[in-house]
Amino acid sequence: MDRFDDIPEVALDWHRAGKGAVLATVVQTWGSAPRPVGSQLAVSGTGEIQGSVSGGCVEGAVIVEALEAVEDGKSRLLTFGVSDDEAFAVGLACGGTIRVLVEPVGQAVSEEVLADLVDKRAARRPVGYVVNTGTWERKLVGREDYPERFRGDRSGFEEDEQTFVAVHNPPLRMVVVGAVHIAQALVPMARLAGYDPLIIDPRGAFAQEHRFPGEDIREDYPDEVLPDYGLDTRTAVVTLSHDPKIDDPAIEAAIASECFYLGSLGSTRTHAKRVDRLKERGFSDDQISRIHAPVGLDIGSKSPAEIAISVMAQITQALRQG
């Protein structure tokens, strides 16, 4: 999925309210498809809609099929061709073909399975919804079952062309410790890359709203913020303050967590001192080796903006390549 919307939650609410509900999911595309694989549309039995499978090109036809599915309780696998004119209307250069899976809730998709999916999403647990379009069997799986799909946020059919895996990864987050100049460049880049940033710095002169307009800024030490925040497999942590009193608590929390990335600003000499401090605190070599330090890919960065680019590149590498 290209973003973490609330389509499954909406469909479950409509079903429980007695309206009837259908989930329509893009399962395959060819050419310049308006919406990526995994995109969803929820349709209620009374004709309400939420989400999109084509940006408007084929929604009307999908809704008609969805309302029929509410009545007969049967799933459908639909194929639509999007003409060049239709594609141009939604901002694409040319048309394509999409396949859409239509599943009535409570009949094809059980309420129990959908509720379990919703619960796991709410708990920020990566979860996959798997449906076999030959047998119509359905189940939920974890990222260990399809590690490459989860790493790449890539929903799609397996090689058998019958098993469709919809990846529901939690939204990406980034904790930036130290509201310094590099952070001022890094945070907008993180936003553009799909991360929800959190900035932590106990120094009031740095933790200012005008330096990070519209962002979540905490004028506290990391050990006062991170326990309630929760560091998980979709969270990156970057420490930039260059002050051990500020950075070290965040580093200790991160290396003891499942966060997928931890990077720390500082020279090789600075990092050696950091390693000594962590060993004195009882952390193992394996835990300490999780730290990317000096932070960022070695691209010869000089300015704060260039360093931020190298950090964002390294975070992306860690997310997508492991």
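The values are calculated or read from the model by the stated rules, or taken from the named source; none is laboratory data. Quantities reported herein were computed from a predicted structural model and do not represent experimental measurements. Note: ideal-geometry Cβ built from the backbone for every residue, glycine included; neighbour counts use all protein chains shown. SASA here: full protein model, heavy atoms, side chains in, ligands and nucleic acids out. Shrake-Rupley method; radii C 1.70, N 1.55, O 1.52, S 1.80 Å.
Of note:
- All positions within segment 14-41 that are part of a strand (DSSP E or B) and under 15 Å from Q107 (Cβ atoms): A21, V22, L23, A24
- So D285, is it surrounded by 14 or more Cβ atoms within 10 Å (Cβ to Cβ) and among the acidic types (D, E): no
- Scanning segment 22-51 for residues that are surrounded by 21 or more Cβ atoms within 10 Å (Cβ to Cβ) and under 19 Å from V10 (Cα atoms) gives V22, L23, A24, T25, V26, G38, S39, Q40, L41, A42, V43, S44.
- Within segment 283-316, the residues that satisfy the criterion of being in contact with a Leu (Cβ under 7 Å, 6 or more places away or on another chain) and in a helix (DSSP H, G or I) are I288, A308, S310, V311, M312, A313, Q314.
For (1) touching a residue at least 40 places away in the same chain (Cβ under 8 Å); (2) farther than 12 Å from Y261 by Cβ, each residue gets a yes or a no:
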{"position": "E280", "(1), (2)": "no, yes"}
{"position": "F283", "(1), (2)": "no, yes"}
{"position": "I288", "(1), (2)": "no, yes"}
{"position": "D298", "(1), (2)": "no, yes"}
{"position": "K302", "(1), (2)": "no, yes"}
{"position": "S310", "(1), (2)": "no, yes"}
{"position": "A313", "(1), (2)": "no, no"}
{"position": "A318", "(1), (2)": "yes, no"}
{"position": "G322", "(1), (2)": "yes, no"}
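- Remark: pairs (first residue in segment 95-118, within 20 Å of V53 (Cβ to Cβ) and hydroxyl-bearing (S, T, Y); second residue at pLDDT 95 or above and surrounded by 20 or more Cβ atoms within 10 Å (Cβ to Cβ); Cβ separation under 6 Å; 6+ apart in sequence or on different chains) are absent.
- Residues of segment 111-145 that are among the hydrophobic types (A, V, I, L, M, F, W, C), in contact with a helix residue (DSSP H, G or I) (Cβ under 7 Å, 6 or more places away or on another chain) and farther than 19 Å from L101 by Cβ: A115 alone.
- When restricted to residues that are open to solvent by less than 20 Å² (accessible area, probe 1.4 Å), out of contact with any Phe, Trp or Tyr (no Cβ under 7 Å at 6 or more places or on another chain) and β-branched (V, I, T), segment 52-76 contains 2.
- Residues of segment 170-181 satisfying the condition of being under 17 Å from T316 (Cα atoms) and open to solvent by 20 Å² or more (accessible area, probe 1.4 Å): P171, R173
- Any chance L101 is in a strand (DSSP E or B) and buried (at least 20 other Cβ atoms within 10 Å of the Cβ): yes
- Residues being touching a Ser or Thr at 6+ places or on another chain (Cβ under 8 Å) and assigned to a loop (DSSP other than H, G, I, E, B) - total across segment 137-154: 1
- All told, V187 meets the bar of being at pLDDT 95 or above, assigned to a helix (DSSP H, G or I) and open to solvent by less than 20 Å² (accessible area, probe 1.4 Å).
- Conditions (1) among the polar types (S, T, N, Q); (2) surrounded by fewer than 18 Cβ atoms within 10 Å (Cβ to Cβ); (3) more than 30 Å from D243 (Cα to Cα); number of the one not met by Q208: (3)
- Test: residue in segment 195-208 that is out of contact with any helix residue (DSSP H, G or I) (no Cβ under 9 Å at 6 or more places or on another chain), in a loop (DSSP other than H, G, I, E, B) and either under 21 Å from T233 (Cβ atoms) or polar (S, T, N, Q) (or both): yes
- The number of residues in segment 154-165 being in contact with a helix residue (DSSP H, G or I) (Cβ under 9 Å, 6 or more places away or on another chain) and open to solvent by less than 50 Å² (accessible area, probe 1.4 Å) comes to 3.
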